Each structure stands twice: as C-alpha cells, then as structure tokens.
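Data first, discussion second: the structure below is written as structure tokens.
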Amino acid sequence: MSRVRIKSLMNDKKAWGICDMKKVTTAACSAILLCSAAQAQSADPLAPTGSWSAYTAGRAATPPMGWNSWNAFAGTVDEEKVMGSAQRILDSGLAGKGYRYINLDDGWMAKRRLSDGHLMLRAEKFPSTAASSDKETPSFKPYTDKLHAMGFKAGIYSDMGRNTCTQAWAATDEDLPKGSVAEREVGLHDHIDQDIDMYFREWGFDYIKVDGCGLRDFGPNSAKVKAGLHRALTPIMDLGAISRTDVAAVQKLFRQVGKAIERSRPDGDFIYSLCIWGAANVRAWAKDVGNTSRTSDDITPAWGRLLVNFDSAVHRGLYAHPGSWNDPDMLYIGAGDFDADHITEARSHFALWAMLNAPLLIGADLRKTPDTLMEIFGNADIIALDQDVAGNQATVAYDSNDVQILIKTLNNGDKAVAVFNRGSGATDVNLQATQLKYRDDAPVEITDLWTKKQLSFTKETKLRVAPRETMIFRARGTRALADGFYLSELPGKVNPAVDGVTRPIADPTIFRTAYGWGGTRGAGDRPQYAGWGGARADSAPYGQTLQIARKTYQSGIGILVNSRLEVRNDRYRRFATKVGVDDSATDKTNVVTFIVYGDGKRLAETRPLKWGMPAEPIEVDVSGVKLVELVARSATTENEALPVTWGEAALTGS
Ligand code: GAL
C-alpha cells in the first residue's frame, strides 16, 4: 500500500504520524492505521463525522410561538388568567398566525408528596384539575385537554435543581410550595424520569421550560438554607463566574432531561427549553441539547434591559439552527418601555426578536392588551421572518454602539433588513446594497414591513431613523455572488460543532444596564455571559474585521483554531474559500492546517499556514455531498490566541 493510499484512508494526523515513525510493514501499518483511526474517531473531536450534530429532536423546525405567564403574573398565575389570554389569542386571530404554545411558568407547584414522590399542583388555582378521576391526586390532564381542544399546545415549567427560582427569590412565601423541607423540593433533581414522564405522558404537556436557580442559589451560605428553609445543594453554576461553574456537570443534567423527554414523547411532539441565562457557557452547547436556550438573564420592561438581552444573542447566529434557537427571553410588549405609549420601542422589540429567530412568546395579560399592541404581535410579514424555514439568524452587517444593521437571508433568497437605532437621538443611516451582499450597480427593492411602503435604490439609500426605532424591510436585489451563497449568509446551515473555545469567558460587548436587580446599589452589572470569542459570521471571533495577511474579507467565517464546522449542503456543486490565520491572532508561531471533508472524506488540505502568510485558496467539488466539514487544526492548546479565517467561504453552482 502506498504512502499516499494509506494517507487517503486516514482522517487522522496523529495515526499517520504513528505509522510513519514506526517504519513498520505495509500490512502492519494498515492495521495500526485502522485501529488508530477507530480510536481517533471517538477521541478526536476534530475528526469528521459526516453527520450534522446540532439538535433536531422535538418540534422546533422554526422558533416556538405562543404565550407565557411569567412576565404578566409571576407567581400569581391561575387558570383564569391563562385561559383569558389563550382565548384572546384565539379570538384576535393570533392563533392562526402561529401563536400555538400556552405556557405555565413558575408558581403552579404545591408540594412533592413524600409517599410516592408525586408532584402536587395548586388545585385551588387550577379548578379544571378537580375533574381528575383520582380526587387525592389532581392532574393537569383536564387543563391540557382544554388547551388542546382550543387548538393550542400546553407548556409547563420546572427547575433542574431541587427548588425553583421563586423559591430562591420571592419576597413572600404566599405563592411558594408549602410543607416540610422535603415536600418543598419540587424541582427535577433526583426525580427527572418520574417528573418528565408525568408532565408529558400523564398530564399531556407538549413543552417544558427547565430553569436553573436550583443549581445556583441553594448553597450552604444562602440565607434561606441557613434559615433551615431548604436543604443545601452545592452550587455547580455561577452566572458571574464561569470558573466557579462545573460546565460538564450542568450539561450532563440537561442532557439527561432531554433523553427523558424523548422517552416520554416518542412521537417527538415536544419543545425542550433551557433556561440558564447564558451561564455554564450554555450559549455554546445548548444547540446540541435542546430546542431553545436563554442567552441572558431575565428581560424587564426597560429599554436598557432589552439591549442586554438582544446583545447576548445578536453575535451568536452560528449557534442557532432549525431545531435549536437562541432565546433572548420572552416578549415584554405591553408593559413599561414597551406599553401602548411606547409604540416605537414595542415595535423595535418585536422586529429585533424576529431578526434573531427568537421564540415569540407573548408575556402580556392579553385580556387587557390594547389593539395597537395586538397589531404588533399580529404583523404577519414580520412573523414570517422569524418563522422562515431556512432558519438563518440575522448577521450584523454594520455594527456600532448607536446603530446596527442586521441582515437575514430568507429561504427564497430575499433578505430581511433591520436598521436599529439604539440611541436617544434621531440619526441618518446609509443603507448600502453591498451590506446586503447585493450588487451596487443594480436596483434593490425594499418594502417597509410596518408601513408596507416600497422603495427602490441603487448603491445606497439614506434613512432617517427615530430614537429607539427599528426600521424593518424585506429586500430583493441582484446577488453579488450570482450562483450561490456565502456561508455567512446561511448560519442556519453552519454548525460550529467544535468552536475551539477552551476557556469560556464573559462577553464584554454586552450592554450593561443601570436597571440591575438591585437598582443602582453596589458596584453595578459586570460582564457575565460566557460565550465571548466563539464562531462568527463576517467577523473574527473577537469582533475584528476578517483579515489574512492584511487582506480584508467582507464575507467569511471567523473561528478559533482546533475547530470543526459542519455545513449542510442541499444542492451546490462547488465549495470555495481562502483560508489563513487571521491577522487578529496573537500567536505568530504555531502553524495551522485547514482541511475540508465531504461526507467524512478528505477533499482538500492546505500546507501548514501561520500568521502573516497569504491566504491559501481551496476549491473542491461537492456535488452530491450532504455535509461539508471544515477543520482548522494546530498543535497548540492556546486556541484563543489563534483565530483563523475561512474567507469568502461559499457554496455555489446549483
Ligand atoms: C427565572 C427565569 C424566568 C422565570 C423565573 C421563574 O430564572 O429566567 O424566565 O421563569 O425564573 O421563577
């Protein structure tokens, strides 16, 4: 067997090295290679798998839409309040527009029955549960039956620890579970299979939100634990410090819940929503574990808080795909800065969430919501952006602290455009055809999705944007890349299976609001959400312009070294890119090899490249290939110092 032939059998560099070094016979060498290849397959995260690894179980091909009780009612939720909002969704026509999930948040639990571990609900708050056949054990089945009969799906809430968030934070114990310390342990911890089976099989829920305060707020030093109210559970998660978090342990628990849901709902009709607010580096791994994942702490009805939540997701488009979405929290339209006296802010909130492919979960008491706000929820053109089946979260085409331009590629090739004025003064914005990756010598037609006004421009147009306004358009022009797409236009098809981040750190770019939980007491909000430095579309991992040896790339994927990207290909014949170490790297010594695989087979490999060397072009035939994998490999363990660029990476030629 020739050296070349052996090499082509291999996907693994280390095994190749072993064989070469040992200078063994051809037969022995192939045996070693096969064995090492098998080992490498399991041990080497950069080895190609030929299969898409992001989560696709459940029913989240597009982001879930519906209603949740928390923002409007917190712990005071009851059946009348839920049904009142559900009825309005039906009567107003919102149900027909996709608002489907009616979700009960924290506040429904009475206690855990110690004889059999069964969870008891607050029957007095949910009178339909009295119809249960076993009078001793009220069941939510009549309640979910009612919602199902109305055409809705039903959602429930739990916590990954022994206790929930209201148990950690509520000022009074009025709406909290009652009884002994053990009876008040209503969370999933140690009861995963039992509770999940009850929620999905017995009670008929279709959606679960799993919160995380139980893993964080009940350490031996917590006031409530010290007061004897709760049993201590050593925290494995800390929102403020990733180094005080056991990421693997947190992940393991959430995976366990996912598996339990899949067992209890074998037909796959479920949504699994993770709620750990960006802690435990969840912004990197939730895409492999559940259908939606909170990227930040709770939204409040305040403009500054909207910015925090928006920022926590906006640069993370590559981490969202059909089946698994970034969740910047529920809509707060209907209160505070987003009430009927703040239509501009309310519209911005809705438009931005749609551009992020966020779940559209209304958080208002719809029994009282004025029509002006109902019209916002009902804007079918904007809902269509959120629900577009391509599942491409918007990419930031222009970024600043004042104005951002977001572009999202839709399934039919149109673009959605949002021009967001974050600030408090009106501003002029130049929207350019090139920002949409359209040719600047051909007209671009845009339709304003609020006013429905149409406009055509060539090269660029000037827009006057009011304070806190988000102008939102659907656009059509002539593509600069005529016969395909840059990967950065298709984040829904690109999965950073391994993003190279070895030391997750807090993201310093997220707006920190003065509206913190404690007013302006103490030292203020610190950067806290992990996920800084991950894979990015049209940007280096830490926000710099993509550059290789001083040449700038307007389009491309920036990622750290020792990474593997999975790219879905449904119809293209050619994959081309220009690769190299990004100029933003601080490691000027280590070399990087770029390898492209098609359905697990090596298609191309560069020579070793290091900082300052010009980009190396790669062009391969991917006809019939379903999954392209892009690996950037180096001997270093300091991945953070070595950002790499897949410049102008594109699939073309359908
Ligand atoms: C928080 C969560 C909120 C809400 C609340 C209930 O942790 O982020 O969305 O569910 O708990 O106590």
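The values are calculated or read from the model by the stated rules, or taken from the named source; none is laboratory data. What you see is a predicted model; the values in this text were computed from it and never measured. Note: ideal-geometry Cβ built from the backbone for every residue, glycine included; neighbour counts use all protein chains shown.
In this structure, does ASP339 turn out to be in contact (Cβ under 8 Å) with a residue 12 or more places away in the chain, out of contact with any Phe, Trp or Tyr (no Cβ under 9 Å at 6 or more places or on another chain) and within 16 Å of the ligand (Cβ to nearest atom)?
no
Among (1) surrounded by fewer than 21 Cβ atoms within 10 Å (Cβ to Cβ); (2) closer than 16 Å to LYS493 by Cβ; (3) out of contact with any His (no Cβ under 9 Å at 6 or more places or on another chain), where does TRP646 come up short?
Here TRP646 meets the rest and fails (1).
Restricting the search to the range 160-176, which residues are out of contact with any Gly (no Cβ under 8 Å at 6 or more places or on another chain) and away from the ligand (no atom under 12 Å from the Cβ)?
Matches in the range 160-176: ALA171, THR172, ASP173.
In the set ALA354, ALA358, ALA390, ALA380, which member is surrounded by fewer than 23 Cβ atoms within 10 Å (Cβ to Cβ) and either modelled with pLDDT under 95 or within 16 Å of the chain's Cα centre (by Cα) (or both)?
ALA390
Report yes if some residue within the range 209-222 is farther than 30 Å from ARG100 by Cα, of a type in the set (D, E, K, R) and either within 16 Å of the ligand (Cβ to nearest atom) or at pLDDT 95 or above (or both); otherwise report no.
So far as the range 209-222 goes, yes, one or more of its residues are farther than 30 Å from ARG100 by Cα, of a type in the set (D, E, K, R) and either within 16 Å of the ligand (Cβ to nearest atom) or at pLDDT 95 or above (or both).
Of everything in the range 301-333, what is within 23 Å of GLY543 (Cβ to Cβ) and free of Cβ contacts under 8 Å to residues at least 40 places away in the same chain? Give them in sequence order.
Narrowing the range 301-333 to residues within 23 Å of GLY543 (Cβ to Cβ): 304-321, 325-328.
ASN309, PRO328 - these are the residues of the range 301-333 that are within 23 Å of GLY543 (Cβ to Cβ) and free of Cβ contacts under 8 Å to residues at least 40 places away in the same chain.
Of all the strands (runs of 3 or more DSSP E) wholly in the range 422-538, which have at least 2 residues that are within 21 Å of ARG294 (Cβ to Cβ) and modelled with pLDDT of 95 or more?
Working: elements: 427-432, 444-448, 454-457, 460-465, 470-476, 484-486, 494-498.
Counting at least 2 such residues, we get 494-498.
Looking at PHE420, PHE457 in this structure, which one is aromatic (Phe, Trp, Tyr) and over 28 Å from PRO322 (Cα atoms)?
So the residue among PHE420, PHE457 that is aromatic (Phe, Trp, Tyr) and over 28 Å from PRO322 (Cα atoms) is PHE457.
Just need a number here: residues in the range 329-350 that are surrounded by fewer than 24 Cβ atoms within 10 Å (Cβ to Cβ) and not hydrophobic (A, V, I, L, M, F, W, C).
7
Mind checking whether some residue in the range 260-279 is in a loop (DSSP other than H, G, I, E, B), more than 14 Å from the ligand (Cβ to nearest atom) and either within 30 Å of LEU487 (Cβ to Cβ) or among the polar types (S, T, N, Q) (or both)?
Yes: the range 260-279 contains one or more residues that are in a loop (DSSP other than H, G, I, E, B), more than 14 Å from the ligand (Cβ to nearest atom) and either within 30 Å of LEU487 (Cβ to Cβ) or among the polar types (S, T, N, Q) (or both).
Quick one: in the range 62-104, of everything that is aromatic (Phe, Trp, Tyr) and within 16 Å of the ligand (Cβ to nearest atom), which residue is surrounded by the fewest Cβ atoms within 10 Å (Cβ to Cβ)?
Within the range 62-104, the match that is surrounded by the fewest Cβ atoms within 10 Å (Cβ to Cβ) is PHE73.
Does THR137 count as without any contact (Cβ under 8 Å) to a residue 60 or more places away in the chain, more than 16 Å from the ligand (Cβ to nearest atom) and surrounded by fewer than 17 Cβ atoms within 10 Å (Cβ to Cβ)?
Answer is yes for this residue.
Among ALA241, ALA227, ALA182, which is more than 16 Å from the ligand (Cβ to nearest atom), closer than 21 Å to TRP285 by Cα and surrounded by fewer than 16 Cβ atoms within 10 Å (Cβ to Cβ)? Let's see the steps before the verdict.
Working: ALA227 fails: closer than 21 Å to TRP285 by Cα; ALA182 fails: closer than 21 Å to TRP285 by Cα.
ALA241 is the lone residue from the list that is more than 16 Å from the ligand (Cβ to nearest atom), closer than 21 Å to TRP285 by Cα and surrounded by fewer than 16 Cβ atoms within 10 Å (Cβ to Cβ).
Please indicate, with yes or no, whether at least one residue in the range 209-223 is more than 30 Å from THR56 (Cβ to Cβ), of a type in the set (S, T, N, Q) and surrounded by 15 or more Cβ atoms within 10 Å (Cβ to Cβ).
Yes: one or more hits.
Which number in (1) closer than 22 Å to PRO496 by Cα; (2) part of a loop (DSSP other than H, G, I, E, B); (3) touching a Lys or Arg at 6+ places or on another chain (Cβ under 6 Å) marks the one condition that THR593 misses?
With (1) closer than 22 Å to PRO496 by Cα; (2) part of a loop (DSSP other than H, G, I, E, B); (3) touching a Lys or Arg at 6+ places or on another chain (Cβ under 6 Å) applied to THR593, the lone miss is (2).
Looking only at the range 609-629, count how many residues are outside any strand (DSSP E or B) and aliphatic (A, V, I, L, M).
Of all residues in the range 609-629, those outside any strand (DSSP E or B) come to 610-615, 622-626.
Cutting the leftovers down to aliphatic (A, V, I, L, M) gives us 613, 615, 622, 625.
Residues that pass the stated criteria total 4.
Quick one: which strands (runs of 3 or more DSSP E) sit completely within the range 64-118 and have at least 3 residues that are over 26 Å from the mean Cα position of the chain (by Cα)? Spell out how you get there, then give the answer.
Numbers: elements: 65-68, 101-103, 109-112.
Once the strands (runs of 3 or more DSSP E) in the range 64-118 are filtered for at least 3 residues that are over 26 Å from the mean Cα position of the chain (by Cα), what remains is 109-112.
For the range 321-330, how many residues are within 24 Å of ASP105 (Cα to Cα), more than 15 Å from the ligand (Cβ to nearest atom) and part of a loop (DSSP other than H, G, I, E, B)?
Here is the first cut: in the range 321-330, the ones within 24 Å of ASP105 (Cα to Cα) are 323-330.
Now narrow it down to the ones that are more than 15 Å from the ligand (Cβ to nearest atom): 323-325.
Filter once more, keeping what is part of a loop (DSSP other than H, G, I, E, B): 323.
So the answer is 1.
Give the range 170-185 a look and list any residue that's within 32 Å of the chain's Cα centre (by Cα) and farther than 11 Å from LEU114 by Cα, or say none.
Once the filter is applied, which keeps residues that are within 32 Å of the chain's Cα centre (by Cα) and farther than 11 Å from LEU114 by Cα, the range 170-185 yields ALA170, ALA171, ASP175, LEU176, PRO177.
Would you call LEU188 touching a helix residue (DSSP H, G or I) at 6+ places or on another chain (Cβ under 7 Å), of a type in the set (A, V, I, L, M) and modelled with pLDDT of 95 or more?
yes
Do you know which residues across the range 350-364 are within 16 Å of the ligand (Cβ to nearest atom) and of a type outside the set (A, V, I, L, M, F, W, C)?
PRO359, GLY363, listed by residue number.
Contact list please: Cβ distance under 7 Å, first residue in the range 460-481 and within 15 Å of VAL403 (Cβ to Cβ), second residue at pLDDT below 95 and among the hydroxyl-bearing types (Ser, Thr, Tyr), pairs at least six apart or on different chains.
PRO467/SER424
Check whether at least one residue in the range 599-608 is buried (at least 20 other Cβ atoms within 10 Å of the Cβ) and either at pLDDT 95 or above or assigned to a loop (DSSP other than H, G, I, E, B) (or both), and report yes or no.
no
Could you list, in sequence order, the residues of the range 352-406 that are touching a residue at least 12 places away in the same chain (Cβ under 8 Å), farther than 30 Å from TYR486 by Cβ and outside any loop (DSSP other than H, G, I, E, B)?
Hits for the range 352-406 are LEU361, ILE362, THR372, LEU373, MET374, ILE376, PHE377.
Where residues in the range 185-202 are within 16 Å of the ligand (Cβ to nearest atom), over 14 Å from LEU104 (Cβ atoms) and not charged (D, E, K, R), which of them is surrounded by the fewest Cβ atoms within 10 Å (Cβ to Cβ)?
Among those residues, the one meeting the criterion is HIS189.
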